[in-house]
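Participant: Quick one: structure below, then a few questions.
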Amino acid sequence: MTDTRVKYVFDCATGEESYIPLTQQEIDDIDAQAEKARADEEARNIADAAAEATRESARAKLAALGLTEAEVAALVK
């Protein structure tokens, strides 16, 4: 098996199928998109963790003020 990256092309008019090697520009574009997707996912995970930490902090502060768990849950979702 080869490590050459290819794209699949199907011609609807003729039914012909072919695999065409990707150009270096196409490979670079795909790799850049994949890296951006990984970075975006990491940023979302960091933002989600920060939001959860903020919610937990709010819950703790409300509980320290004497609110019951039910009251805290009603205020912080």
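What follows is calculated from the coordinates using simple rules that are stated; it is not laboratory data. The structure displayed is predicted, hence computed values, not measured ones. Here Cβ is always computed from backbone atoms with ideal geometry, including for glycine, and neighbour counts include all displayed protein chains.
Participant: In the stretch 5-15, which residues are outside any strand (DSSP E or B), loosely packed, with under 10 Cβ neighbours inside 10 Å and either in contact with a Cys (Cβ under 7 Å, 6 or more places away or on another chain) or not hydrophobic (A, V, I, L, M, F, W, C) (or both)? Explain how you work it out, then say what you get.
Facilitator: Here is the first cut: in the stretch 5-15, the residues outside any strand (DSSP E or B) are 5, 11-15.
With the extra rule that they be loosely packed, with under 10 Cβ neighbours inside 10 Å, the set shrinks to 11-15.
Correct list: D11, T14, G15.
Participant: Moving on to the next point. Is it true that some residue in the stretch 65-74 is in contact (Cβ under 8 Å) with a residue 12 or more places away in the chain and in contact with a strand residue (DSSP E or B) (Cβ under 8 Å, 6 or more places away or on another chain)?
Facilitator: Scanning the stretch 65-74 turns up no residue that is in contact (Cβ under 8 Å) with a residue 12 or more places away in the chain and in contact with a strand residue (DSSP E or B) (Cβ under 8 Å, 6 or more places away or on another chain).
Participant: Check K77 against each of (1) part of a helix (DSSP H, G or I); (2) of a type in the set (D, E, K, R); (3) loosely packed, with under 10 Cβ neighbours inside 10 Å and name the one condition it does not meet.
Facilitator: Result: K77 passes all but (1).
Participant: Here's something else I'd like to know. Only one of S18, S57 is assigned to a strand (DSSP E or B) and surrounded by 10 or more Cβ atoms within 10 Å (Cβ to Cβ); which? First the steps, then the outcome.
Facilitator: Values: S57 fails: assigned to a strand (DSSP E or B).
Step by step, each of S18, S57 is checked, and only S18 is assigned to a strand (DSSP E or B) and surrounded by 10 or more Cβ atoms within 10 Å (Cβ to Cβ).
Participant: Would it be correct to say that A70 is surrounded by fewer than 11 Cβ atoms within 10 Å (Cβ to Cβ), aliphatic (A, V, I, L, M) and not in a strand (DSSP E or B)?
Facilitator: So A70 passes the test.
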